[in-house]
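Asker: To start, I am sharing the structure in question, which I have written as structure tokens.
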Amino acid sequence: MLPALILLLATRELFPSNYTPSPCAVENSCISFPDSSMKSAGFQFLGLNLDAVWLEKHGPEMKAAMAPFCRKHATCQTVPTNSYMFCDDVLTTEAHTLCDKMFPRDKSASDSEQCKAWIEVYLMGVDQNAINSWKTAQACTKKQPPAVHAKPLEVWMSPESIPYDYKGQVTFYAVDPDTHVPVLARVLLPDQTIYAPANPSGETATYYPFALPFKYARVPNKEGHTDAIPPMVTISAPGYPDTTFCLPAVVPKAIVEMTPATLRAGKNEMTVTARDSVNGKAIDGRVMMGSDEIGFTNQPIAIDVKPGTKRPEIWLKPYLDRYSDVVIVPAEK
């Protein structure tokens, strides 16, 4: 893992408030529908029923609450690698946190629903206009001296660690180490191509959740066998050094027992049982003596130990890459 890599708590701000505003940020990147058109736009485009009285009462309050996010949005648009859709999506993620804070559902379900509807309509209006402010911001950035990024991106993920057999979504996040502004970066795993439906391009990228059915890798160990480890993840964005780290994920162990526990010279019959350390399920694999296969787990094995010879080690070679090799009985010395 690179020393500069930062894997932080999932509660970290997705767009840190201590970001550095860009001089190229436009004054208002959140141009949405006029107040007088919010109700009709919500019904026409999204089938939402915004209450006119609620709009008049809370519209100014909602715009004021969105203002800090919109200022962040304007700076996001200045980053050369960020598309306008990416900045809109980051804005959307932050905006969706507002209603639970401003109008908790347990206090007023009606206010909560109206707030959420307002957010959707407002963001749709921003989406329709954001490309124009993005073009202005990008044109300004191109006139500035090109930034030199000696440090890699700051990276974290949610969940912090991938639980065993996790079927949910994983999201990686990356911000510039100096400005703390979100950066659209590719998320790459070796020998795997994964589709991210939330990303308009379909590529696995920061800030876009996706399912992560990863493959374990195998690495040599000091016993002369191989261990299972999660794959390496690379976060890559133009102009920044790549950030590469081992995916934080639970690695199950093979719990192995041999009955009887010792062998004698001559004919022996034994059974090697193997089970998963997390779920307790049986593990299938080959039982090896030295480089020779002598049987399989969880079924009787007959072997002949020649008198006067040094027996090679007996070890388990699991079929699945999620388990490391296990030395059951060391070689005789």
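Asker: Among Trp156, Trp315, Trp134, determine the one that fluctuates most according to a GNM of the chain built with springs between C-alpha atoms less than 10 Å apart.
Answerer: Trp315
Asker: Beyond 23 Å, what share of the Cα-Cα pairs of the stretch 154-246 remains, rounded to the nearest whole percent? Please list the in-between numbers first.
Answerer: On the way: 1188 of 4278 pairs.
Pairs farther apart than 23 Å: 28 percent.
Asker: Counting only residues 5 or more places away or on other chains, whose amide H sits under 5 Å from the amide H of Ile328 once H atoms are built in the peptide plane?
Answerer: Long-range HN contacts for Ile328: Ile314, Trp315, Leu316.
Asker: Rounded to the nearest 500 deg cm²/dmol, what is the calculated helix-only ellipticity per residue at 222 nm for the chain, with -39500 (n - 2.57) per DSSP H run of length n ≥ 4? Intermediate values should be presented prior to the final figure.
Answerer: Values: 5 runs with 85 residues, N = 333.
The per-residue figure over the chain is -8500 deg cm²/dmol.
Asker: Through the Karplus equation 6.51 cos²θ - 1.76 cosθ + 1.60, θ set to phi - 60°, convert the phi angles of the stretch 63-77 into ³J(HN,Hα) values in whole Hz; use x for Gly and Pro.
Answerer: Along the stretch 63-77, the couplings run 5, 5, 5, 7, 3, x, 5, 5, 5, 4, 4, 5, 6, 4, 5 Hz.
Asker: With a ≥ b ≥ c taken as the square roots of the eigenvalues of the C-alpha gyration tensor of the stretch 75-193, please select rounded if a/c is under 1.5 and otherwise prolate if a/b is larger than b/c or oblate if it is not? Present the calculation step by step, with values, prior to reporting the outcome.
Answerer: Working: a/c = 2.32, a/b = 1.21, b/c = 1.92.
It is oblate, given that a/c is not under 1.5 and a/b is not larger than b/c.
Asker: Which of the aspartates and glutamates could a cross-linker span from Lys333 if the Cα-Cα distance has to be under 16 Å and same-chain partners fewer than 8 positions apart are dropped?
Answerer: Glu223, Glu313
Asker: How many angstrom separate the Cα center of the stretch 115-190 from the Cα center of the stretch 252-319?
Answerer: Here the two parts' Cα centres lie 51 Å apart.
Asker: Please say if the stretch 92-159 is rounded, prolate or oblate, where rounded means a/c under 1.5 for a ≥ b ≥ c the square roots of the C-alpha gyration tensor eigenvalues, and otherwise the choice is prolate for a/b larger than b/c and oblate otherwise?
Answerer: Details: a/c = 4.58, a/b = 1.75, b/c = 2.61.
Cα axes put the stretch 92-159 in the oblate bin.
Asker: On to the next question. List Thr243, Thr271, Thr141 from most exposed to least, where exposure is judged by having the fewest other Cβ atoms within 10 Å.
Answerer: Thr271, Thr141, Thr243
Asker: Could you list Ser36, Ser236, Ser201 in order of exposure, starting from the residue whose Cβ has the fewest other Cβ atoms within 10 Å?
Answerer: Numbers: Ser36 9, Ser236 17, Ser201 13.
Going from least to most buried by this count: Ser36, Ser201, Ser236.
Asker: Among Met157, Asn199, Ser236, flag the residue with its Cα farthest along the positive direction of the charge dipole of the stretch 154-246, charges on Cβ as +1 for Lys/Arg and -1 for Asp/Glu.
Answerer: Positive-most Cα among the choices belongs to Asn199.
Asker: Considering only the other residues whose Cβ falls under 14 Å of the Cβ of Lys107, what net charge follows from Lys and Arg at +1 and Asp and Glu at -1?
Answerer: Cβ neighbours under 14 Å give a net charge of -2.
Asker: To continue, here is another question. Could you grab the relative contact order for the stretch 123-274? Cα pairs under 8 Å, six or more apart, rounded to a whole percent. Could the numbers behind the result be given before it?
Answerer: Details: 222 pairs, mean separation 30.8, N = 152.
RCO, the stretch 123-274: 20 percent.
Asker: Which of these values of Rg/Rh (Cα atoms, Kirkwood Rh) was calculated from the structure shown: (1) 1.03; (2) 1.18; (3) 0.96?
Answerer: For Rg/Rh (Cα atoms, Kirkwood Rh), the calculated option is (2).
Bear in mind that the values in this text are calculations on the coordinates, not laboratory data. If you're wondering where the values come from, they're calculated on a predicted model, not measured in any experiment. Here Cβ is always computed from backbone atoms with ideal geometry, including for glycine, and neighbour counts include all displayed protein chains.
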